[in-house]
1. For Leu31 and Ala105, what is the calculated FRET efficiency with R₀ set at 22 Å and r taken between the beta-carbons, to the nearest 0.05?
2. Of the options Leu44, Gly26, Ser61, report the single residue whose Cα projects farthest towards the positive end of the charge dipole of the chain (beta-carbon charges: Lys, Arg +1; Asp, Glu -1).
3. Classify the range 76-126 as rounded, prolate or oblate, taking a ≥ b ≥ c as the square roots of the eigenvalues of its Cα gyration tensor: rounded when a/c is under 1.5, otherwise prolate if a/b is larger than b/c and oblate if not.
4. Work out the length of the dipole vector of the chain about its Cα centre, built from +1 on the beta-carbon of each Lys and Arg and -1 on the beta-carbon of each Asp and Glu, and round it to the nearest 20 debye.
5. Subtracting the Cα-Cα distance from 0.36 nm times the residue separation, let me have the gained length for Ala3 to Arg78 in nm, one decimal.
6. Add -39500 (n - 2.57) for each DSSP H run of 4 or more in the chain, then divide by its residues: what number comes out at 222 nm, to the nearest 500 deg cm²/dmol?
7. Scan (i) 190; (ii) 89; (iii) 111 for the value of volume of the Cα convex hull per residue in Å³ calculated from this model and give just the label.
8. So if I place +1 on the C-beta of Lys and Arg and -1 on the C-beta of Asp and Glu, and nothing else carries charge, what would the dipole magnitude of the range 2-62 be about its Cα centre? I want it in debye, nearest 20.
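Read-outs throughout are calculated quantities, based only on the coordinates presented, and are distinct from any laboratory measurement. This structure is a prediction, so every number in the text was calculated from the model and none was measured. All Cβ positions, even for glycine, are placed from backbone atoms using ideal geometry, and neighbour counts span all protein chains on display.
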Amino acid sequence: MAAYVCRYGQEVAGVERNPRPNSRDGIYNVLYSMEVAQHLAAELYYPGCLSLERKREAAASLTTWVRPAGIRQVHTKRRWADHEDRILLKLESPTAAAEALGRTAQSRNLRMWRLRTGQVPLPRSE
């Protein structure tokens, strides 16, 4: 069921979630918040849908939520592809790969460190 909810969230809102049971009791909790929650609630609780009144009211209350000033919007993380890893390793410098990869310096530095320390597997050769 958790896998279905995550797939649905990916299709509707474009956000990726990886369902894992919590350590206390093995229950899967899939969390959506802020604009993503608004989008999913609007999709699930459309006008005239069959639902519990309290759930419909809770979904309706999300429509009035506005992002507070000062809270930046977080974007869905962009996964590293093998070809990007190959470019990063070939150029051997995060700054030299800047234009080719279109990523932040912090992102490139962290990925380079993870590749060099073996925290992520090296890319497969072509």
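1. According to the calculation, E is roughly 0.15.
2. Most positive-ward Cα: Gly26.
3. Details: a/c = 1.29, a/b = 1.21, b/c = 1.07.
It is rounded, given that a/c, with a ≥ b ≥ c, falls under 1.5.
4. Computed about the Cα centre, the dipole is about 380 debye.
5. 25.0 nm
6. After summing the helix terms and dividing by residue count, I get -14000 deg cm²/dmol.
7. Label of the calculated value: (i).
8. 200 debye
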